[in-house]
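J.: Quick one: this structure, given as C-alpha coordinates, is what I'll be asking you about.
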Amino acid sequence: MKYSLLFLFFLFQIFISQAQSSIWGVTSSGGGNGAGVIFKMDGSGNNLNLEYDLTRYDGDYPKADLVKGPDGKLYGMTSACCTFNGAGVLFQYDPATSTYTRKHYFDDTLSGLNPYGSLLLAADGMFYGMACRGGIYKNGVLFQYNPTTSTYTKKIDFDGSGNGSLPYGSLIQTPDGKMYGMTSTGGANDYGVIFEYDPSTSTLVKKFDFDGTTTGGTSHGSLVRAIDGMFYGMTGNGGASDLGVLFKFGPANDSYTKILEFNDTTNGSSPYGSLLQAADGYLYGVTSAGGGS
(Lines give C-alpha, C1' and ligand atoms only; values in the text may rest on other atoms or scores of the structure.)
Protein backbone atom coordinates (compact mmCIF):
# COMPACT_ATOMS: atom_id res chain seq x y z
CA MET A 1 0.00 0.00 0.00
CA LYS A 2 2.85 2.40 0.81
CA TYR A 3 4.34 2.09 -2.66
CA SER A 4 0.94 2.48 -4.32
CA LEU A 5 0.34 5.73 -2.47
CA LEU A 6 3.74 7.06 -3.43
CA PHE A 7 3.17 6.07 -7.05
CA LEU A 8 -0.18 7.83 -7.15
CA PHE A 9 1.31 10.91 -5.49
CA PHE A 10 3.89 11.26 -8.25
CA LEU A 11 1.60 10.13 -11.05
CA PHE A 12 -1.33 12.47 -10.63
CA GLN A 13 0.38 15.80 -10.09
CA ILE A 14 -2.11 17.80 -12.04
CA PHE A 15 -2.60 21.28 -13.45
CA ILE A 16 -6.25 22.25 -14.01
CA SER A 17 -6.89 24.99 -16.56
CA GLN A 18 -8.82 28.06 -15.50
CA ALA A 19 -11.61 27.18 -17.91
CA GLN A 20 -11.82 23.64 -16.46
CA SER A 21 -11.92 22.36 -20.07
CA SER A 22 -8.88 20.15 -19.70
CA ILE A 23 -6.59 18.74 -17.04
CA TRP A 24 -2.86 18.61 -17.69
CA GLY A 25 -0.22 16.77 -15.70
CA VAL A 26 3.06 14.91 -15.77
CA THR A 27 4.30 11.54 -14.59
CA SER A 28 7.67 11.11 -12.93
CA SER A 29 8.68 8.16 -15.11
CA GLY A 30 7.36 5.83 -17.78
CA GLY A 31 6.41 6.69 -21.33
CA GLY A 32 8.28 5.81 -24.49
CA ASN A 33 11.64 6.88 -23.08
CA GLY A 34 11.09 5.92 -19.44
CA ALA A 35 11.57 9.55 -18.43
CA GLY A 36 7.95 10.57 -17.83
CA VAL A 37 5.16 11.96 -19.97
CA ILE A 38 3.01 15.07 -20.27
CA PHE A 39 -0.65 14.02 -20.40
CA LYS A 40 -4.10 15.58 -20.79
CA MET A 41 -7.62 14.61 -19.73
CA ASP A 42 -10.95 16.32 -20.20
CA GLY A 43 -12.51 18.38 -17.39
CA SER A 44 -14.26 15.29 -16.00
CA GLY A 45 -11.03 13.32 -15.69
CA ASN A 46 -11.78 11.08 -18.66
CA ASN A 47 -10.24 10.55 -22.11
CA LEU A 48 -6.59 10.37 -21.14
CA ASN A 49 -4.19 11.39 -23.90
CA LEU A 50 -0.41 11.11 -23.73
CA GLU A 51 0.78 14.36 -25.29
CA TYR A 52 4.57 14.24 -25.05
CA ASP A 53 7.27 11.74 -24.07
CA LEU A 54 10.04 13.36 -22.05
CA THR A 55 13.59 12.36 -22.92
CA ARG A 56 16.72 11.97 -20.85
CA TYR A 57 18.45 14.55 -23.02
CA ASP A 58 15.96 17.41 -22.59
CA GLY A 59 14.83 16.81 -19.00
CA ASP A 60 13.46 13.78 -17.17
CA TYR A 61 11.81 12.65 -13.95
CA PRO A 62 9.57 15.65 -13.15
CA LYS A 63 8.32 15.62 -9.55
CA ALA A 64 5.75 18.45 -9.46
CA ASP A 65 2.94 20.28 -11.23
CA LEU A 66 2.67 22.10 -14.51
CA VAL A 67 1.80 25.81 -14.25
CA LYS A 68 0.03 27.93 -16.83
CA GLY A 69 2.07 30.99 -17.82
CA PRO A 70 0.86 34.46 -18.82
CA ASP A 71 1.37 33.44 -22.46
CA GLY A 72 -1.02 30.48 -22.13
CA LYS A 73 1.80 27.95 -22.35
CA LEU A 74 2.59 25.39 -19.66
CA TYR A 75 5.77 25.52 -17.59
CA GLY A 76 7.37 22.89 -15.40
CA MET A 77 10.63 21.49 -14.11
CA THR A 78 12.35 18.13 -14.16
CA SER A 79 14.51 16.80 -11.37
CA ALA A 80 17.18 15.44 -13.71
CA CYS A 81 18.52 15.79 -17.23
CA CYS A 82 20.90 14.27 -19.73
CA THR A 83 22.35 11.64 -17.40
CA PHE A 84 20.97 9.65 -14.51
CA ASN A 85 22.65 12.12 -12.14
CA GLY A 86 21.71 15.23 -14.10
CA ALA A 87 20.73 18.56 -12.66
CA GLY A 88 17.25 19.17 -14.06
CA VAL A 89 15.67 21.69 -16.42
CA LEU A 90 12.95 24.33 -16.55
CA PHE A 91 10.80 23.74 -19.62
CA GLN A 92 7.93 25.22 -21.63
CA TYR A 93 5.23 23.19 -23.36
CA ASP A 94 2.91 24.75 -25.94
CA PRO A 95 -0.40 22.82 -26.06
CA ALA A 96 -1.35 24.52 -29.34
CA THR A 97 1.64 23.16 -31.24
CA SER A 98 2.67 20.22 -28.98
CA THR A 99 6.11 21.80 -28.75
CA TYR A 100 8.45 21.14 -25.81
CA THR A 101 11.25 23.65 -25.25
CA ARG A 102 14.00 23.44 -22.66
CA LYS A 103 14.31 27.00 -21.32
CA HIS A 104 16.93 26.66 -18.58
CA TYR A 105 19.40 24.01 -17.50
CA PHE A 106 20.21 23.83 -13.78
CA ASP A 107 23.96 23.77 -13.37
CA ASP A 108 24.89 23.43 -9.69
CA THR A 109 26.69 26.49 -8.29
CA LEU A 110 25.23 29.10 -10.63
CA SER A 111 21.60 28.04 -10.60
CA GLY A 112 21.13 25.04 -8.31
CA LEU A 113 20.36 21.36 -8.80
CA ASN A 114 17.36 19.04 -8.76
CA PRO A 115 14.17 21.08 -8.40
CA TYR A 116 11.42 18.99 -6.78
CA GLY A 117 8.68 21.60 -6.28
CA SER A 118 6.50 23.55 -8.70
CA LEU A 119 6.93 27.00 -10.16
CA LEU A 120 4.87 29.87 -8.72
CA LEU A 121 3.46 32.45 -11.13
CA ALA A 122 3.68 35.57 -8.98
CA ALA A 123 1.71 38.81 -9.10
CA ASP A 124 4.58 40.51 -10.96
CA GLY A 125 4.23 38.09 -13.88
CA MET A 126 7.45 36.27 -13.01
CA PHE A 127 7.91 32.64 -12.07
CA TYR A 128 9.59 31.84 -8.75
CA GLY A 129 10.84 28.46 -7.63
CA MET A 130 13.46 26.54 -5.69
CA ALA A 131 16.12 23.98 -6.50
CA CYS A 132 16.71 21.44 -3.74
CA ARG A 133 20.49 21.31 -4.02
CA GLY A 134 23.35 23.24 -5.54
CA GLY A 135 24.14 26.91 -5.17
CA ILE A 136 27.14 28.38 -3.37
CA TYR A 137 26.58 26.30 -0.22
CA LYS A 138 25.23 23.18 -2.00
CA ASN A 139 22.00 23.55 0.03
CA GLY A 140 19.67 24.77 -2.70
CA VAL A 141 18.58 28.09 -4.17
CA LEU A 142 15.53 30.31 -4.66
CA PHE A 143 15.23 31.77 -8.16
CA GLN A 144 13.18 33.96 -10.49
CA TYR A 145 12.39 33.18 -14.12
CA ASN A 146 11.08 35.76 -16.59
CA PRO A 147 8.92 33.98 -19.22
CA THR A 148 8.94 37.02 -21.51
CA THR A 149 12.71 37.27 -21.82
CA SER A 150 13.56 33.64 -20.88
CA THR A 151 15.89 35.00 -18.18
CA TYR A 152 16.83 32.98 -15.09
CA THR A 153 18.06 34.87 -12.00
CA LYS A 154 19.26 33.23 -8.81
CA LYS A 155 17.97 35.25 -5.86
CA ILE A 156 18.93 33.37 -2.68
CA ASP A 157 21.45 30.69 -1.72
CA PHE A 158 20.25 28.55 1.18
CA ASP A 159 23.13 28.34 3.63
CA GLY A 160 22.17 25.61 6.12
CA SER A 161 21.97 26.77 9.73
CA GLY A 162 21.10 30.38 8.87
CA ASN A 163 18.14 30.16 6.48
CA GLY A 164 17.67 26.43 5.99
CA SER A 165 18.65 23.90 3.34
CA LEU A 166 17.25 21.38 0.86
CA PRO A 167 13.82 22.83 -0.03
CA TYR A 168 11.57 20.15 -1.53
CA GLY A 169 8.29 22.03 -1.84
CA SER A 170 6.99 25.12 -3.62
CA LEU A 171 6.51 28.76 -2.72
CA ILE A 172 3.19 30.46 -1.99
CA GLN A 173 2.41 34.20 -2.26
CA THR A 174 0.23 36.28 0.04
CA PRO A 175 -1.78 39.39 -0.95
CA ASP A 176 1.00 41.69 0.29
CA GLY A 177 3.32 40.21 -2.35
CA LYS A 178 5.57 38.27 0.02
CA MET A 179 6.33 34.60 -0.49
CA TYR A 180 6.62 31.78 2.01
CA GLY A 181 8.14 28.33 1.93
CA MET A 182 9.85 25.58 3.92
CA THR A 183 13.12 23.69 3.85
CA SER A 184 13.53 20.05 4.83
CA THR A 185 16.73 20.54 6.83
CA GLY A 186 18.92 23.34 8.15
CA GLY A 187 18.01 26.05 10.59
CA ALA A 188 18.96 26.15 14.25
CA ASN A 189 18.05 22.48 14.83
CA ASP A 190 18.74 21.07 11.35
CA TYR A 191 15.09 20.01 10.95
CA GLY A 192 14.11 22.73 8.52
CA VAL A 193 12.60 26.20 8.68
CA ILE A 194 9.67 28.31 7.55
CA PHE A 195 10.88 31.41 5.71
CA GLU A 196 9.56 34.60 4.16
CA TYR A 197 10.88 36.02 0.88
CA ASP A 198 10.21 39.59 -0.27
CA PRO A 199 10.60 39.84 -4.08
CA SER A 200 10.58 43.64 -3.96
CA THR A 201 13.82 43.68 -1.95
CA SER A 202 15.18 40.18 -2.78
CA THR A 203 15.53 39.44 0.94
CA LEU A 204 14.79 36.21 2.80
CA VAL A 205 13.99 36.08 6.52
CA LYS A 206 13.76 32.90 8.59
CA LYS A 207 10.47 32.90 10.52
CA PHE A 208 10.46 29.58 12.39
CA ASP A 209 12.82 26.70 13.24
CA PHE A 210 11.38 23.19 13.42
CA ASP A 211 12.83 21.26 16.37
CA GLY A 212 12.31 17.67 15.19
CA THR A 213 10.44 16.56 18.33
CA THR A 214 7.76 18.91 19.58
CA THR A 215 7.12 20.87 16.38
CA GLY A 216 8.11 18.21 13.83
CA GLY A 217 10.71 18.40 11.12
CA THR A 218 11.86 17.35 7.65
CA SER A 219 9.00 18.70 5.56
CA HIS A 220 8.88 17.59 1.92
CA GLY A 221 5.79 19.59 1.02
CA SER A 222 4.55 23.16 0.74
CA LEU A 223 2.52 25.50 2.90
CA VAL A 224 -1.09 26.27 2.00
CA ARG A 225 -2.80 29.56 2.88
CA ALA A 226 -6.33 28.80 4.06
CA ILE A 227 -9.38 31.08 4.01
CA ASP A 228 -8.66 32.06 7.64
CA GLY A 229 -5.36 33.65 6.52
CA MET A 230 -3.28 31.05 8.36
CA PHE A 231 -0.70 28.70 6.84
CA TYR A 232 -1.10 24.95 7.19
CA GLY A 233 1.50 22.30 6.51
CA MET A 234 2.91 18.91 7.43
CA THR A 235 6.27 17.49 8.40
CA GLY A 236 7.51 14.00 7.60
CA ASN A 237 9.12 13.44 10.99
CA GLY A 238 8.69 14.58 14.59
CA GLY A 239 5.88 14.35 17.10
CA ALA A 240 5.47 11.75 19.83
CA SER A 241 5.84 8.84 17.39
CA ASP A 242 8.37 10.61 15.14
CA LEU A 243 6.00 10.04 12.20
CA GLY A 244 5.20 13.64 11.40
CA VAL A 245 2.79 16.38 12.45
CA LEU A 246 0.15 18.66 10.93
CA PHE A 247 0.52 22.28 12.01
CA LYS A 248 -0.80 25.83 11.69
CA PHE A 249 1.42 28.91 11.35
CA GLY A 250 0.40 32.54 11.71
CA PRO A 251 2.53 34.83 9.48
CA ALA A 252 1.38 37.98 11.29
CA ASN A 253 3.08 37.05 14.58
CA ASP A 254 5.10 33.93 13.65
CA SER A 255 2.87 31.74 15.84
CA TYR A 256 3.11 27.97 15.56
CA THR A 257 0.36 25.54 16.63
CA LYS A 258 0.62 21.77 16.37
CA ILE A 259 -2.78 20.41 15.35
CA LEU A 260 -2.18 16.65 15.32
CA GLU A 261 0.55 14.03 15.38
CA PHE A 262 0.57 11.22 12.85
CA ASN A 263 0.75 7.84 14.61
CA ASP A 264 0.76 5.19 11.87
CA THR A 265 -2.33 2.94 12.08
CA THR A 266 -4.96 5.48 13.17
CA ASN A 267 -4.19 8.44 10.94
CA GLY A 268 -1.24 7.45 8.77
CA SER A 269 2.41 8.42 8.90
CA SER A 270 5.17 10.26 7.07
CA PRO A 271 3.27 12.73 4.88
CA TYR A 272 5.35 13.62 1.83
CA GLY A 273 3.14 16.14 0.03
CA SER A 274 1.01 19.20 0.73
CA LEU A 275 -2.51 19.99 1.92
CA LEU A 276 -5.32 21.32 -0.27
CA GLN A 277 -8.31 23.37 0.85
CA ALA A 278 -11.48 22.31 -0.97
CA ALA A 279 -14.68 24.24 -1.66
CA ASP A 280 -16.24 22.84 1.52
CA GLY A 281 -13.60 24.68 3.59
CA TYR A 282 -11.87 21.51 4.80
CA LEU A 283 -8.21 20.69 4.28
CA TYR A 284 -7.33 17.39 2.63
CA GLY A 285 -4.05 15.49 2.41
CA VAL A 286 -2.44 12.08 2.16
CA THR A 287 0.32 10.24 3.99
CA SER A 288 2.96 8.08 2.32
CA ALA A 289 2.60 5.23 4.83
CA GLY A 290 0.52 4.01 7.76
CA GLY A 291 -3.21 3.35 7.93
CA GLY A 292 -5.03 0.06 8.30
CA SER A 293 -2.82 -1.67 5.74
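The values are calculated or read from the model by the stated rules, or taken from the named source; none is laboratory data. What you are looking at is a predicted structure, and each value in this text was computed from that prediction instead of being measured. Note: ideal-geometry Cβ built from the backbone for every residue, glycine included; neighbour counts use all protein chains shown.
J.: For the stretch 261-293, which positions are under 16 Å from the mean Cα position of the chain (by Cα) and of a type in the set (A, V, I, L, M)?
T.: The answer is Leu275, Leu276, Val286.
J.: In this structure, does Ser150 turn out to be hydroxyl-bearing (Ser, Thr, Tyr) and on the phi > 0 side of the Ramachandran plot?
T.: For Ser150, the condition - hydroxyl-bearing (Ser, Thr, Tyr) and on the phi > 0 side of the Ramachandran plot - is met.
J.: Something else now. Every residue in the stretch 248-257 that is under 19 Å from Thr183 (Cβ atoms) and assigned to a loop (DSSP other than H, G, I, E, B), please.
T.: Pro251, Asp254
J.: What is the one condition in (1) touching a residue at least 60 places away in the same chain (Cβ under 8 Å); (2) in a strand (DSSP E or B) that Ile156 does not satisfy?
T.: (1)
Listed here are the residues, each with its yes/no results for (1) surrounded by 23 or more Cβ atoms within 10 Å (Cβ to Cβ); (2) of a type in the set (Ser, Thr, Tyr).
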{"residue": "Thr55", "(1), (2)": "no, yes"}
{"residue": "Asp58", "(1), (2)": "no, no"}
{"residue": "Tyr61", "(1), (2)": "yes, yes"}
{"residue": "Ala64", "(1), (2)": "yes, no"}
{"residue": "Lys68", "(1), (2)": "no, no"}
{"residue": "Cys81", "(1), (2)": "yes, no"}
{"residue": "Val89", "(1), (2)": "yes, no"}
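J.: Of the residues in the stretch 228-253, how many are of a type in the set (Asp, Glu) and under 23 Å from Gly281 (Cα atoms)? Working first, answer last.
T.: Taking the stretch 228-253 and keeping what is of a type in the set (Asp, Glu), we get 228, 242.
With the extra rule that they be under 23 Å from Gly281 (Cα atoms), the set shrinks to 228.
Of the residues in that region, 1 qualify.
Table: residues versus (1) at pLDDT 95 or above; (2) in a loop (DSSP other than H, G, I, E, B).
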| position | (1), (2) |
| --- | --- |
| Met234 | yes, no |
| Gly239 | no, yes |
| Asp242 | yes, yes |
| Leu246 | yes, no |
| Ile259 | yes, no |
| Thr266 | no, yes |
| Gly273 | no, yes |
| Gly292 | no, yes |
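J.: Answer yes if at least one residue in the stretch 121-142 is closer than 30 Å to Leu260 by Cα, in contact (Cβ under 8 Å) with a residue 40 or more places away in the chain, surrounded by fewer than 24 Cβ atoms within 10 Å (Cβ to Cβ) and more than 16 Å from the chain's Cα centre (by Cα), and no otherwise.
T.: No, the conditions are met nowhere in the stretch 121-142.
J.: For the stretch 215-243, give me the residue count where each residue is out of contact with any Leu (no Cβ under 9 Å at 6 or more places or on another chain) and small (Gly, Ala, Ser).
T.: Counting residues in the stretch 215-243 that are out of contact with any Leu (no Cβ under 9 Å at 6 or more places or on another chain) and small (Gly, Ala, Ser) gives 6.
J.: Within the set of pairs 6+ apart or on separate chains, which have a first residue in the stretch 266-278 that is assigned by TED's automatic domain parsing to the domain that holds Tyr116 and within 17 Å of Gly181 (Cβ to Cβ), a second that is crowded, with 20+ Cβ neighbours inside 10 Å and among the hydrophobic types (A, V, I, L, M, F, W, C), and C-beta atoms under 7 Å apart?
T.: Pro271/Met234; Pro271/Phe262; Leu275/Met234
J.: Kindly check whether there is at least one residue in the stretch 43-55 that is more than 26 Å from Ile172 (Cα to Cα), of a type in the set (Gly, Ala, Ser) and at pLDDT 95 or above.
T.: No: zero hits.
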